Structure formats: structure tokens, C-alpha cells
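> This is the structure, below, for whatever I ask next.
Every number in this text was worked out from the coordinates using simple rules, so none of it is lab data. Here the structure is a predicted model, which means the values were calculated and not measured. With ideal geometry, Cβ positions are generated from the backbone for all residues, glycine too; neighbour counts draw on all protein chains shown.
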Amino acid sequence: LLIFNFLIDFEYLLEKLLPDLLQFHRVVVFYGSASGTEAMDQWRQLLAGTDSTVEFIQLIPSDPPRSRTNPLSIKVPYGVHHTKMFLMGYEENNQSHCRVVVHTANLLLGDIEYKTQGAYCQEFPLKTNGNEGSSKKASQSNGKMPQVVNPYKRKRDEANEKQRATKDSGCPFEEEDVPFEEDLVTYLESYQYLTRQSWCSTSSTSKRFLSNKPMSWLQLIRQYDYSSAYAVLIPSVPGRHKDDSYHNFGYLKLRQAIIEWVCPHLQNSKQTTPQPILCQFSSIGSLSEKWLNQFLSAVDSLSTQNIDPINNNSGGRKGKDNQPPLSSRMKIIWPTTDEIRRSIEGYQGGGSVPGTVKNLSKDFLQPLYHRWSSRNSRRSNSGCDPLKTARHIPHIKTYVQPSPPNANGIEWLMLTSHNLSMAAWGQLQQRSDSYSANEKVLFIRHWELGVFISPATLAEMDPDGVGNDICMTPYP
């Protein structure tokens, strides 16, 4: 069991999950900040005398580099570990599986029991000689899946070949690259967790069960078959990423997913007016109008193929840089003070939706704000809020681009830990050293992780190609 989170109340975690937590042979917890730390010692004591272990690793990117709390090669001021994920190994139906859960909740009572959150959850089987990449190969061979145009494919293939030539990948079989697996491994490499250990307590010669031989966690991850994944991982890793890697992270990774999975389906579309991107999050950084225009240009499915975010990354108002006004390109979903007050937590719950007056009151942001709930949702018999979202403060983070109004659908959706900030999504900067004055880097301060989903990614789950007719529609 691998746990990744920002804030963890270990006393609450044990209260809710004992004795189930004790069934896992190995548990590693990565976190940013903790409370109820006495429970950490209690957890260790409960495992005393067994072969099982639990390890706690706090991550603080602003600490000295290559230290216990900062595995990075540089110190990143104001950096945090904000990712929220579970990787859980289990056995079911006489076979080993890995469950991947990417979600938005801190492991706190208030986050889990009172707030609106979201989670992606998918199970993946152990690889065997016959099933690695099988669903993807089947869907490609029947000719029913739309061809995906990938301008990054050559660079990614070259990078993968170089990686295979320089180190052991940990793959149990020769196979085609599965993007979900490669993205997950690339992200986990940033933690520099090098311990080799046995991850399960029982030994089995069957290929249907995970081996108990010592292995690194990257080798562990590669034991499973992710070819049926219906989402694309969108990670952020603190650091200054150069041109050979910055498309792996932040908003440039989101742009790559949109180009691969959405743009090919828009080639025959008559749509000429982009639909505004709906951005809903629980914290807002110190944004500039220039950066926000760059971000939107990169992730708008209708225009992103026509811009170069690296070499032409200027932003501005229409008339200066031919940019439409921000109000026609995005909507920010942000709870009002009254919505916070009327929630089941009252004003106390507002601490989970931090936004300074300085950051929230910038003039260019004012036309973008929209309420979290319907104005009629406070009336219990109105029928406007069947999920009772108005009663629960939003800690969920989603970015959505709708289809044209006549289609009543969704082009793409992202569920993530990323709030709207340069620290989370990244900012293109000039290299500071004099030898590379013209080279840009993507500077990110946070560990973050999200999943990107579109009709085309959902079709990956259907090896017979029936999924070509899949559409995503908003909840009425």
C-alpha cells in the first residue's frame, strides 16, 4: 500500500481504517504535513513482531536538496507535496491486482466526511505473457478506433529507447509502451525512493500472483498491466524541467493529452468558437493576466494546435495579441461567502478554500467568477440540487471544456489535485545561466497529480471498438 497526500491526520486514519491497514505487508506513506503523529508510533507498535512494516516519509521541497525530506536536486522555495493518491495491491479471484486511486481529499475528518471531493479509481491485473497491452492492440487492429495524431510520439519513443538502453526497466516481459504506466513510473522516479524489498508476504510460483522477491517500487509498478486505463495521468514535479522533459509535466502535459485525445476528433467539426473552460478549484495563486492567457491558449482544444506555447508564449487582451477576452474563454467556479456560511461546516469550513484578498480581487479576474451552487439550491424542495452540493464546501478540483451548446457534451475533463496557480501548473521561464540564454524551462513548485478523461480515452476500455460512440454529458 502506497499512500500519497498533503495533509494527514494519522489518528483519524487509524480510527477509520484499523484493523484493515494491518493486512498490508508493506506500507509507505508520503505526506506534506501531519497531525495526530502519536498514531504513527502506534501503527509501528501494532506491527512489531511481524514481518510487515510501515514507513513515513515527509516531503518538503523547500528543504536542502538530496535530503531525507527533499529528494530533488534543487531547493524549491514554497514547494509542497500536494498529490493525493493510493496505490493498493490486493488479491481477488485468485489473481493479484493493483488499484490506482487519484483523488482530491486530504486525509482529514473534515475533508472526508463534510466536503465535496472527487476520485478516479481503476483496477489493473498482473501482467502475464498473454495480456500485456492486449486490449489496446485489439482495439487498434480492428480499425474502429479513430487514429490519434501524436506530435510528441517520436520524441517519446526516442526517450524510451534511450531509457531501455541505459537501465533495467523492471518489466517482466517485452512489451509495447503503455502511456499510463510510463507516466506513472516517470512521476514516481522523482521521489528517489530506492529501497528494494519484498512487497507481499506469501510466495507463489503462479504467474497470476505477485512475486515476493525483493524489488524496487518502480519494478513493482511495472508488474501490472495498465493497457485498459481509461485516463491519462497529468503529473507535476517540482523543479526546472528542460525541453526534453517539460511536456511530461504540468499544463504542457495537459496540452499534450488534449492534442492526442481530443483534437483528432475535432478535425471534421464545424465548430469555430471555443467553449469556455470551466475551472473549479479550492485555492487560487497569485496569477498574472499574461500567464492565464498562456494557460488557456495551451489547453483550449480548438486552438492549441495552432499556437506554440514554448516559442510564442505571450498573452494579453484582444487587440494587443489577438486574444479574445478572458471572460469568453474561461469561467472560475468559486464559492461565495454566503455559500460558505450556509454549508454544514459554516465559516470554519472556509479554511479549506484559501484565497487572499490580493489574489482574488485582481481586476481581470472579476468577470470570470461564478457561484458554486444554484441560487435556488437553498430551497429544499426546489429540486435544483439533488446531490446537495450547496451544503458541502467544494474541495474538489476539476477543469472541463464543454462541447458546443447544441452537442450538450464534454470534450474533456480533468480531476486533479492542481489548484489554479503557477506553482502547481508550471511557468515557462528563461534559463538563468548565460550559456543557455535562449532556452526555456518549465518551473514547477509542487508535486501534483490528476487524471485527464475524454470520450476517446474512455473508448480504450472497449477492445471491440463499440466505445467509438461514447460521449460525456454533464449531470443534469
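> Can you compute the modelled spin-label distance between residue 195 and residue 53, with each label point 7 Å from Cα toward Cβ, in nm?
Going from the residue 195 label point to the residue 53 one covers 0.5 nm.
> Return, for the Cα atoms of segment 1-46, the radius of gyration and Dmax in Å, separated by a comma.
10.0, 25
> Report, in cubic angstrom per residue, the convex hull volume of the C-alpha atoms of segment 231-307. Could the numbers behind the result be given before it?
Values: hull volume 10.3 nm³, N = 77.
Convex hull of Cα atoms, per residue: 133 Å³.
> Using only alpha carbon positions, build the gyration tensor of segment 43-90, then give the equivalent ellipsoid semi-axes as the square roots of 5 times its eigenvalues, largest first, whole angstrom.
They are 28, 14, 9 Å, listed from largest to smallest.
> In units of 2.2 N^0.38 Å, what is the alpha-carbon radius of gyration of segment 61-113?
Ratio of Rg to 2.2 N^0.38 Å for segment 61-113: 1.65.
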